[in-house]
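**Q** Okay, handing you the structure first.
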Amino acid sequence: MIRRAVLLLLLLLLPAGRAAAQDAPLVVALSQTAVEVTTGFTGASLMVFGSTETPIGPGGDEILVVARGPTRPVVVRRKVPALGILWVNGPSARFAGVPGFYFIAGTRPAWQLLPEEERQRNSLGLDSLPLTSTGARSPAFRAALLGLESSSGMWVEDTTAIEIAGSRLFHARLPLPAAVPTGDYRVEVLLVRSRRIVARQELAFRVDRVGTADRIATVAEDQPFIYGLACIIFAALAGWLGSILFRRG
Amino acid sequence: MQVYLPIAEMSVDALLLVGIGFGVGWLSGLFGVGGGFLLTPLLILIGIPAPVAVASGANQTLGASVSGLIAQWRRSNVDAKMGGVLLVGGVLGSLAGVQLFALLRRIGQVDLAVSLFYVVVLGTVGALMVMESLRAIRRRRSAVKRKLHDHFWMHGLPLKMRFRKSRLYISVIPPFVVGFAIGVLSAVMGVGGGFMLVPAMIYLLGMPTSVVIGTSLFQVVFVAANVTLLQAVQLGTVDILLTMLLLLGGVAGAQFGAAMGTRLRGEETRALLGLLVLSVALSLLWGLLRTPDNLFSSGPAL
């Protein structure tokens with residue numbers, strides 16, 4: 001109840017939101033545009049919310065929310081028995097441009113809302129992700145990547161995450177796990193009417209390391225030599241301090 | 001209490017890390033070794049990526065060994081000359097080891113290589129230690145006197161040098177080779193190498209036990225420092241936060257362990273350490289032999 005009230009309030013306070021609500025079929029906003037990864041970071045949860053012109057529901061407007069994180073190349077390896085007993089990494093497939101985070105939620109599953117080719121074109125749904133690979137050709141590698149990313153919570157296909165309030169107001173919770181990659185994220189909200197995408201809104205947020213965690217990672221990346229020296233000195237000092245502290249005790 | 005490790009890019013329970021540090025520190029104080037051989041596998045077990053575990057393990061070993069070295073240095077139990085020769089080998093060895101590690105990482109066999117190194121090295125060292133200490137315990141009963149050290153082919157090598165503290169006049173080649181080998185292992189396994197260096201010094205080089213611990217700590221501190229620097233520069237895998245949390249527990253644990261260690265007899269301690277080393281090797285071997293839960297694994301493409 002309180003959450004809904006806050007959402008409503010936020011929506012009303014949006015400068016463009018109120019004026020646009022009259023003519024635009026879809027108005028959306030994000031609860032925060034920056035996620036800060038500190039040394040105490042254990043994951044975060046963002047709220048995507050908005051409203052539609054006509055009531056949401058079967059036969060009327062349908063909503064799809066898609067979030068994509070920064071992409072990177074990933075190698076998937078398969079273990080094979082070597083010498084009959086040892087399990088070693090064998091064939092591998094290299095996937096280019098794998099999203100480090102992917103989230104999709106809708107008022108109904110995407111495959112119910114849109115025709116197949118439309119889903120493929122907009123890569124809506126885990127099975128529609130454009131994953132091209134080099135190396136081993138077996139489709140098992142793609143399935144394995146899907147399984148690994150899903151079990152780590154990095155790829156989420158959630159059909160129940162969108163909640164509707166007062167038939168025109170919707171909100172979806174976007175769960176970011178602790179190991180979420182840093183970088184720029186895109187959130188797309190699609191308005192679907194009679195199996196066609198009639199409107200889309202794009203939002204963006206950034207995941208950034210801040211404070212100590214950021215300083216450590218930045219120094220380690222930009223000045224690895226100084227960072228290495230610092231690690232040596234800090235470790236030596238800790239050992240030396242320990243020996244002094246405990247000799248007294 | 002969860003803490004986000006900036007280099008490992010993951011969130012881990014800080015108390016768990018301090019606890020692991022304490023446990024390993026306790027054992028290392030008890031047995032007079034760095035404990036890296038226990039630490040790195042444990043870190044990998046709780047889900048720290050192998051490259052980060054190895055690099056941060058070396059960094060932790062450095063910190064854990066410093067206090068021991070200071071104590072030994074005060075009692076002048078360090079043969080700096082012998083340590084220097086070992087160190088030259090060790091630095092070159094760790095340079096080679098880090099190159100080997102980078103190559104393994106590129107071809108995706110780091111986890112296998114680290115496990116295999118552990119199984120072979122720990123299995124051999126553990127078995128030798130258990131056998132040797134059992135023989136020593138039996139010999140104590142029959143009380144046969146042993147020579148200071150045996151002379152064999154090694155003592156005919158050129159480039160002889162006098163090591164006054166160790167009361168030795170031997171070729172520099174054996175200590176150099178020993179140092180080099182430990183350096184390679186140190187870079188690949190993330191260990192200081194004390195558990196291999198100590199027996200090598202006693203049985204291969206014939207050094208008196210009084211200077212062995214101090215001199216091995218001397219070598220371990222500097223080789224671990226070198227490995228830390230090389231891993232940080234070349235692979236960027238040293239996580240200082242992880243290191244400091246481990247040291248926090250480790251430094252305290254080592255003191256308790258050392259206090260308890262003085263109440264154990266030498267042979268019994270060595271037999272226990274040998275059993276511990278063997279059991280780590282066996283559990284890692286089991287990890288390689290059993291059918292994995294998931295045949296597939298993914299990692300960043302390099």
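**Q** Would you work out which of A:Ser243, B:Asn77, B:Val238 lies farthest towards the positive end of the dipole of the protein assembly as shown, given +1 charges on the beta-carbon of Lys and Arg and -1 on that of Asp and Glu, about the Cα centre?
**A** In the protein assembly as shown, that residue is B:Asn77.
**Q** I've got another one for you. Rank B:Gly25, B:Pro51, B:Met260 by how far each Cα sits towards the positive end of the charge dipole of the range B:2-289 (+1 on Lys, Arg Cβ; -1 on Asp, Glu Cβ) and give me just the farthest.
**A** About the Cα centre, the residue reaching furthest to the positive side is B:Met260.
**Q** Using r as the Cβ-Cβ distance of A:Trp240 and A:Glu163, and R0 as 41 Å, what FRET efficiency do you calculate, to the nearest 0.05?
**A** 0.15
**Q** Using only Cα positions of the range A:104-174, each an equal point scatterer, no hydration layer, compute I(q)/I(0) via Debye at q = 0.15 Å⁻¹ and quote the log10 values to two decimals.
**A** Treating every Cα as an identical point scatterer, log10 I(q)/I(0) equals -0.61.
**Q** Provide a whole-number value for the mean count of partner chain Cβ atoms within 10 Å of the Cβ atoms in peptide B:70-77.
**A** Average per residue, whole number: 1.
**Q** A further question on this structure: Can you list the residues, at least 5 places off or on another chain, whose amide H is less than 5 Å from the amide H of B:Ile170, using H built in the peptide plane?
**A** Under 5 Å from the amide H of B:Ile170: B:Met161, B:Phe163.
**Q** A follow-up question, please. Which whole-Hz ³J(HN,Hα) couplings does the range A:199-213 yield from phi under the Karplus relation 6.51 cos²θ - 1.76 cosθ + 1.60, θ = phi - 60°, glycine and proline marked x?
**A** The phi angles translate into 7, 9, 10, 10, 10, 9, 9, 10, 9, 10, 7, 10, x, 4, 4 Hz.
**Q** Just to check I understand the Karplus step: with θ = phi - 60° and J = 6.51 cos²θ - 1.76 cosθ + 1.60, what whole-Hz values come out for the range B:240-245, glycine and proline as x?
**A** Result, ordered by residue: 5, 5, 4, 4, 5, 5 Hz.
**Q** Can you work out the base-10 log of I(q)/I(0) for chain A at q = 0.11, 0.16 1/Å, using the Debye formula on its C-alpha atoms alone?
**A** The Debye formula, applied to the Cα set alone, gives -0.74, -1.19.
**Q** Would you mind working out the magnitude of the charge dipole of the range A:131-249 relative to its Cα centre, with +1 at each Lys and Arg C-beta and -1 at each Asp and Glu C-beta, to the nearest 20 Debye?
**A** For the range A:131-249, the charge dipole is close to 220 debye.
**Q** Take every DSSP beta bridge with both residues inside the protein assembly as shown and express the antiparallel ones as a percent of the total, to the nearest 5.
**A** The answer is about 90 percent antiparallel.
**Q** Most mobile of B:Ala200, B:Ala136, B:Ala281 per a Gaussian network model of chain B (Cα springs, under 10 Å)?
**A** Judging by the Gaussian network model, the answer is B:Ala136.
**Q** Let me check the size of the protein assembly as shown from its C-alpha atoms; what are the radius of gyration and Dmax in Å?
**A** 29.2, 101
**Q** Let me have the 222 nm mean residue ellipticity of the protein assembly as shown computed from DSSP H runs of 4+ only, each contributing -39500 (n - 2.57), with the sum over all residues rounded to the nearest 500.
**A** -17500 deg cm²/dmol
**Q** In chain A, once you exclude exposed trypsin sites (Lys or Arg not before Pro) (DSSP loop, at most 11 other Cβ within 10 angstrom), what's the longest stretch remaining?
**A** With trypsin sites (Lys or Arg not before Pro) excluded where exposed in loops, chain A gives A:1-136 as its longest stretch.
**Q** Long-range amide H contacts for A:Ile162: which residues qualify at under 5 Å (H placed 1.01 Å from N, peptide plane, sequence gap of 5 or more or a different chain)?
**A** A:Gly106
**Q** Over chain A, with a Gaussian network built from C-alpha contacts below 10 Å, which listed residue (A:Leu86, A:Leu129, A:Leu26) shows the highest mean-square fluctuation?
**A** In this elastic network of chain A, the residue with the biggest mean-square fluctuation among A:Leu86, A:Leu129, A:Leu26 is A:Leu86.
**Q** Give me the one-decimal Kirkwood hydrodynamic radius in Å for the range A:210-249, with the sum taken over alpha-carbon pairs.
**A** 11.5 Å
**Q** Right, something else. Please work out the FRET efficiency for the pair A:Gln120 and A:Ala178, using the Cβ-Cβ distance as r and a Förster radius of 35 Å; give the result to the nearest 0.05.
**A** Step by step, r from the Cβ atoms, then E = 0.65.
**Q** Ok, one more. Just checking the output field for B:175-188: average partner chain Cβ neighbours within 10 Å of each residue's Cβ?
**A** 0
**Q** A further question on this structure: Straight-line reach from B:Lys165: which aspartates and glutamates have a Cα under 15 Å away, not including same-chain ones fewer than 8 places off?
**A** Once the sequence-local aspartates and glutamates are set aside, what remains near B:Lys165 is B:Asp79.
**Q** While we're here: Based on the alpha-carbon set only, what is the convex hull volume of chain B divided per residue, in Å³?
**A** Dividing the Cα hull volume of chain B by its residues yields 135 Å³.
**Q** Here is a follow-up. With θ set to phi - 60° and the Karplus curve 6.51 cos²θ - 1.76 cosθ + 1.60, what are the ³J(HN,Hα) couplings of the range A:55-71 in order, to the nearest whole Hz, using x for Gly and Pro?
**A** These are the phi-based 3J(HN,Hα) values: x, 8, x, x, x, x, 7, 10, 10, 10, 10, 10, 10, 10, x, x, 9 Hz.
**Q** Please list, ordered by chain and number, the residues whose modelled amide H lies under 5 Å from the amide H of B:Val191; skip anything fewer than 5 residues away on the same chain.
**A** Those qualifying (amide H under 5 Å, at least 5 residues apart or on another chain) number zero.
**Q** How big is the charge dipole of the protein assembly as shown about its Cα centre, in debye rounded to the nearest 20, if each Lys and Arg gets +1 on its Cβ and each Asp and Glu gets -1 on its Cβ?
**A** Value, rounded to 20: 2660 debye.
**Q** Any idea what the dipole of the range A:2-209 comes to, in debye rounded to 20, about its Cα centre with Lys/Arg Cβ at +1 and Asp/Glu Cβ at -1?
**A** Taking the Cα centre of the range A:2-209 as origin, the dipole is about 500 debye.
**Q** Relative contact order for chain A using alpha-carbon pairs under 8 Å, separation at least 6, rounded to a whole percent?
**A** Once normalised by length, the contact order is 25 percent.
**Q** Sequence gap at least 6, Cα distance under 8 Å: using those rules, report the relative contact order of the range B:2-289 to the nearest whole percent.
**A** Worked out over the range B:2-289, it gives 42 percent.
Rule-based calculations on the coordinates, nothing more; no lab input. Nothing here was measured: the structure is a model prediction, and the numbers come from that model. Quick reminder, even Gly has a Cβ in these numbers, built from the backbone with ideal geometry, and neighbours come from all protein chains shown.
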